[in-house]
1. Kindly indicate the residue of the stretch 61-73 that is within 30 Å of residue 169 (Cα to Cα) and touching a helix residue (DSSP H, G or I) at 6+ places or on another chain (Cβ under 9 Å) and also surrounded by the fewest Cβ atoms within 10 Å (Cβ to Cβ) among those meeting that condition.
2. Of the conditions (1) at pLDDT 90 or above; (2) of a type outside the set (A, V, I, L, M, F, W, C); (3) more than 21 Å from residue 685 (Cα to Cα), residue 710 fails just one. Which one is it?
3. Restricting attention to the stretch 58-82, and to residues there that are within 58 Å of the chain's Cα centre (by Cα) and assigned to a loop (DSSP other than H, G, I, E, B), which single residue is farthest from residue 132 (Cα to Cα)?
4. Within the bounds of the stretch 519-536, is there any residue that is surrounded by 18 or more Cβ atoms within 10 Å (Cβ to Cβ), in contact with a helix residue (DSSP H, G or I) (Cβ under 8 Å, 6 or more places away or on another chain) and of a type outside the set (D, E, K, R)?
5. Just wondering, is there one or more residues in the stretch 388-406 that are in a strand (DSSP E or B), within 30 Å of residue 233 (Cα to Cα) and not basic (Lys, Arg)?
6. Which one is farthest from the chain's Cα centre (by Cα) among residues in the stretch 729-764 that are modelled with pLDDT of 90 or more and assigned to a strand (DSSP E or B)?
7. For the stretch 398-417, name all the residues that are surrounded by fewer than 17 Cβ atoms within 10 Å (Cβ to Cβ), at pLDDT below 85 and out of contact with any Leu (no Cβ under 9 Å at 6 or more places or on another chain).
8. Given 200, 208, 184, which one is surrounded by fewer than 17 Cβ atoms within 10 Å (Cβ to Cβ) and within 27 Å of the chain's Cα centre (by Cα)?
Amino acid sequence: MKFVIKTTCFLFLLLFINFFEVVYEKYGSARASETVILEIMVQGAKRIDPETIIAFGQIELGEPVNDAQLNNIIKNLFNTGLFADVQLSLQDGLLSIIVEENPLINRVIFEGNDRIDAEDLERELQLKPRQVLTRTKVQQDTQRLIDIYRLTGRFGVKVQPQMVMLEQNRVDLIFEIDEGALSKISKISFIGNHRFSGSKLRDVIQSKEDAFYRFLTSDDTYDPDRLNFDGELLRRFYSNNGFIDFQVVSTVAELSPGDSNFAVTFTLDEGKRYKLGKITLESAVEDINIEKLQHLYKGLEGRWYNARLVNKAVDRLVGQLGVDGFAFVDIKRQIKRKENENSVVLALYIAKTPRVHVERINIEGNSRTLDAVIRREFDLLEGDAFNVSKLRRARRSIRNLGFFSKVKVDNLVGSAKDKTILRVSVEEKSTGEISLGAGFSSQDGPLANIGIRERNLLGKGQDLTFNFKGSAARQEFKIGFTEPYFLDRDVSAGFDLVQSTTDRQTESSFDERKAGGGLRLGYSLGPDLRQRLKYSFERTQIRNVDDQASIFIKEQEGNNTVSQVGHTTSYDRLDNRRQPSKGYAVSLTNDLAGLGGDARHLRSKLRAGYFVPILEDQVLSFRLETGYIKGIGKDVKIGERFFLGGRKIRGFAPSGIGPRDLETKDVLGGNQYYTGSVELRTKKLVPEDLGIEWGFFTDFGSLWDTDYPTNVKGVDDSSPRITSGASIYWNTAVGPLNFIWAWPISDESYDKENNFKFSIGTSF
C-alpha cells in the first residue's frame, strides 16, 4: 500500500514539473524577450509629421513589444503607400523609426503617343499629379496603358515607365510608349464546318481578313470583343439553318511567326440539322381564338428550322394579340426533338393575360421639343383600349418627324394588371441646318447649294426653309413654311415662294423663268391616308428663243400666268420615307388651272411605289408614274407640258424622248406620259464594309400627245422606251459618289441617249 502511494506521488510530481516547464517556455520566455517602449524617435520624415507616422504604425508608449509586433509596425507603415523604405531599431526602450518617403508626382508625361491623346490616357490612370508615387501603382498603370492600346488593336505596344527626380522629393513620371503597328487578322479558319464552306462563314462574321481595300474600316483589326460577337453571329446563322445544337467550341487567336498579325481559328460543333415539324398553339386565355391565329405560323412547318423566322412568327402572334388589346402577352416556347426523324415539334403556349387600357403616356428625353408635338402623333389616349398597331403607327410617325436620332416606345405595367403606361424615350438631334454644298454632275455640270432650314422651329414642329440650288442649267430660290398642326388640329398649313431659271437651249432652244407662290393645307383622312389642298399662282416667261428654233416654240415666246387649285391624296405604308426597304405608297394629284390667269387646263398625276426585302440588305422596288394634262378651251402652253428622260428613264438625255421637231431637233413636250422602274439594290457584291450599294434596273416609259401646228414637221407617238442598266452608290469621305450606266433596249431614232452619268457632292 505504501509503495502504491509513493509511486502515485512521484508520478504526480513529474506531471507538475512538466506542466510548469511548458507554461514557462510559452509565457515566461516570451515575457522575458519583450521590451517596453519608453521613447520614440522618427528619422527621415520630410513631408509627413512624426506623430502621424507613429499613429500609422499603431505604436503606444509604455507598451511592451516583441519581434513579431515590430514586424507588424513595419507592415502598417508600408501599407500606407507613403514610404519606399522603413527600418526599426529598439534599444534600451528607445524605438528608432527610419523612413524613406515615396516622392510626390510633379507631372505625368507621355512620349510616343501619336494615336491616342495624352488627355485620354491620363483619364485612365490611377496616378495623378500631386499624388504619392508607388512602384505598385506604376506597374498597374503601365499595364493599364498596354490594355488601352490593345483595345484599339495594337497588341505590339510597349510601355516603359521612367522617373526623373526633382528637388523637394518630387518626380516627373514619364511613360515611354512604342505604339507599334495595328495588329491585323491575317487569316480566319474554321474547324468542324461540314455543312458550310469557310468562305461562306467568313461572310457571316464581322471580323475580316486583312486586305488592301479595307482601308475605310477596322473590321480586319484584331479585337477580342469582336471575336466574341462573331461567335454569336455564327450561332445565329446556324440556328437559322436548322442547327439548333450548334456550338462554338473554341476561338483561338495566335500571333503569326515573325509578325504582329493574328491567325484566328474557330472550332465548331455543328450538331444535327432539324426540320420544323408540327407547331402547336395553346392558350390560357379563353376568349382567344386559336384557329384565327394559325395562319401566322403555318408556313414554317416542313421547312428547315429557322430561329429568325420562328421569332418573327411569335412577334406576329404578339402583334395580333396586341391589336386585340392584350398588351403584355407571354408566349412560352418548348422544342421537342425527334432524333429518329431529324425534326422538332414547336409548342407555343399563351400565358394568361388580361385586356389592357392605357393609364398614361410619359415622354422622356425631349429638352427642346414640346411634349404636345410628340403626344399628338398618338391615336391612343389615356383611358383607351391598348392597341399595338396604333402604338407602332405612333412610333413610325414620331420617327418620321425627323427631330430625333433615337425613338423608343415601350408599354410598361401600370398600377394594375389591366393598365399600361406608354413610355416614349427620345434622343433629340439638331434640326437647324446651315448647309453649303458643292458637287459636279455629268448632266448638270457644277452644282451648288446654299440652305438655311429649321425643321423644329421653337420646338413646335414648324418647318422654315430658305434654299438656293444652282447649276449650269438651272437656278432655283425657294422660301417655305409649314405649320404641321394648324389651330391645334391635325391639319398642316404652309406657304411657298419659288423663283427658278432653267436653260433649255440644248434640248428646246429657249430659256424658261418661273416665279410664284402657293398656299397648302393638309389633313388626315384615316390611318396612313392624307389629303393636301393647295392654291398656286405662277408666272412663266419663255425667253431667249433661238432664231433657228421650232415655229411651235417661237409661238410660245412671252409671258404666261397660271392660277390653279389642286389636291394630292396619298396613302403611305413605307417603313422609312427617305430610304424605304418595305411597304408601299400611292398618291394622286389633280390640278385645275383657270381661276384667273392665262392658262386653262386640268392636270392629273398618279404615283405608286412598292418595296420588298428579298434577302438581308437586298431590296426589290417597283415604281410607276403616269400623268395627263388637258387644255380647256385652248392648247396647253409648253411651260406646263411634261418632259421625260434623264432621271426618270435612265439611259436617255434630259427631255430625251417624246414629241420633237425633226427639222430643228427641238423637244416640244407632251400632254401624256407614263414611266416605271423595276430595281434591285444590294450591298452583297463587294465587301460590305466598303459601304458600296449596287443597283440593277429596268426603266420604261413614253411621252406623247402635243398640239404643234401643221407646218411643223414633227413626230409624236406613244411607242414604249425601255432601258436597262446598273448603278453604284458609294458614300465616301469626300461625299456621295453616284455612277449610272444604262442602255436603251427599245427606242426611236430621234431620241437622245445618255449612257453614262455620274455625280459627286458634299456639304460643308
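The values are calculated or read from the model by the stated rules, or taken from the named source; none is laboratory data. Given the structure is predicted, the values throughout are model-derived calculations rather than measurements. Cβ atoms come from the backbone with ideal geometry, glycine included; neighbour counts cover every protein chain shown.
1. Step by step, filter the stretch 61-73, then rank; the result is 72.
2. Only one criterion is unmet by residue 710, namely (1).
3. 80
4. Scanning the stretch 519-536 turns up no residue that is surrounded by 18 or more Cβ atoms within 10 Å (Cβ to Cβ), in contact with a helix residue (DSSP H, G or I) (Cβ under 8 Å, 6 or more places away or on another chain) and of a type outside the set (D, E, K, R).
5. The answer is yes; a qualifying residue exists.
6. Here the residue is 746.
7. Across the stretch 398-417, the qualifying residues are 400, 402, 405, 413, 415, 416, 417.
8. Exactly one residue qualifies, and that residue is 200.
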